[in-house]
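Asks: Sharing a structure, written as structure tokens. Questions coming.
The numbers here are math on the coordinates, done by the rules we state, and not lab data. Note that the coordinates shown come from a computational prediction; the quantities given were computed from them, not determined experimentally. All Cβ positions, glycine included, derive from the backbone under ideal geometry; neighbour counts span all protein chains shown.
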Amino acid sequence: MSTEMETIDPGSVPQRQLYTGAKIPAVGLGTFGSDRFSADQIAEAVLGAAQIGYRHFDCAAVYGNEKEIGFSLQKAMKGGIKREELWVTSKLWNDKHAVEDVIPACQQTLNDLQLEYLDLYLVHWPFPNHHAPGVDVNSRDPHAIPYIHSNFLKTWRQMEKLIAMGLVRHIGTSNMSIPKLKLLLQDAKFKPAANEMELHPHFQQPEFFRYCMDNAILPIGFAPIGSPTRPDRDKSPDDSVDIQDPVIVKIAARLNVHPAVVCIKWAVQRGQVPIPFSIHPREYQSNLKAATVDPLTEEEMQEIAGIDKNNRLIKGQVFLWEHAGDWRDLWDQDGQIAS
């Protein structure tokens, strides 16, 4: 890696405390390269990011790059980073929700990442709905079903076993909604330590964000700068672009930084944990540095609070079941779980 790249002291990066008392770095590196970047490119970014100060990495089996990332994590640890300094998250994919599949899926991820335990393991989506790689948004899996809480709870019980087995330290959810989380909180023995959700200035989810915070569930925000490299199937003509918002652009000009950096600062100061993705050293370096210098003013935080457009970018259409209305049925926007 280039010697001129500025490193950031991991101790200067803010941390968030989970309900267990464990601490997680307030910025992580996402590793979903959609179909634009190879597994080797992403693994190289993980190693580079570790070398410049990242300690939090957000992975998933379905990203198809955990084996390569495992070699990068090993190199980073051989280079002097202790395992307990790292925070590594992974996720259970939709085709592994069956009772007999959860534990082996986690063991496979640990094998690929060359780790003895995960800091956090999430149920990637609350549906067992799978789709073939590269399908367009109109594709429907004939076996897709709506959310069924009794089924999800069976999956969750296996997730809880992973804690007892020492394979994971925390479990959590992803792509959930308030009604689904309410049910889980009633029934869980180990409640979710975190919920991974789409969060950026044009999609702030204030009610859901507050619900998580009020229940000591840490919101981890994906697509924190508006996910410009998301798969083409996830792009809609009416999507807005956070980094072109006049408020974001104005603040970026004051700080003399890229607008993406403003989005990261906002996320960290608001209290969520953003996990921006980039394979470019200058970008991932500036994303981490964003959390450590030049905070936004209270006025700027208020201004950004005022630009929420409720613009969901990752709509999840490919997970819809046969008789669903449209993607809104995945998100229970009327407060009811669609069936």
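Asks: I need the trypsin sites (Lys or Arg not before Pro) found in segment 1-95, filtered to DSSP loop residues with at most 16 other beta carbons within 10 Å of theirs.
Replies: Sites meeting the loop and neighbour criteria: R36, K82.
Asks: How would you rank E300, E116, E85, going from fewest to most other Cβ atoms within 10 Å of each one's own Cβ?
Replies: E116, E85, E300
Asks: Between Q336 and S236, what is the FRET efficiency for a Förster distance of 35 Å, r being their Cβ-Cβ separation, to the nearest 0.05?
Replies: 0.90
Asks: Here's a follow-up. Contact order normalised by length for the chain, with contacts defined as Cα pairs under 8 Å and 6 or more residues apart; what percent is it?
Replies: Relative contact order here is 21 percent.
Asks: When the dipole is taken about the Cα centre of the chain, and only Lys, Arg (+1) and Asp, Glu (-1) are charged at their Cβ, what size is it in debye, to the nearest 20?
Replies: Dipole magnitude for the chain comes out near 740 debye.
Asks: Is segment 99-164 rounded, prolate or oblate when judged by the Cα gyration tensor, a ≥ b ≥ c being the square roots of its eigenvalues, rounded requiring a/c under 1.5 and prolate requiring a/b larger than b/c?
Replies: oblate
Asks: While we're on this one: List every residue whose amide H lies under 5 Å from the amide H of V273, counting only residues 5 or more places away in sequence or on a different chain, with H placed 1.01 Å from N in the peptide plane.
Replies: I220, G221
Asks: Follow-up question, since we're still on this one. With 23 Å as the limit, write out which pairs from K91/K189; K23/K191; K91/K191; K67/K154 have Cα-Cα distances beyond it, or answer none.
Replies: K67/K154
Asks: Distance between the C-alpha centers of segment 52-76 and segment 159-191? Whole Å please.
Replies: Result: 23 Å between the Cα centres.
Asks: Which value, to two decimals, describes the C-alpha radius of gyration of the chain once divided by 2.2 N^0.38 Å?
Replies: So the chain has a normalised radius of gyration of 0.94.
Asks: Further question: Want the number for S38 to A98: 0.36 nm per residue separation, take away the alpha-carbon distance, what's left?
Replies: Going from the current span to full extension adds 18.6 nm.
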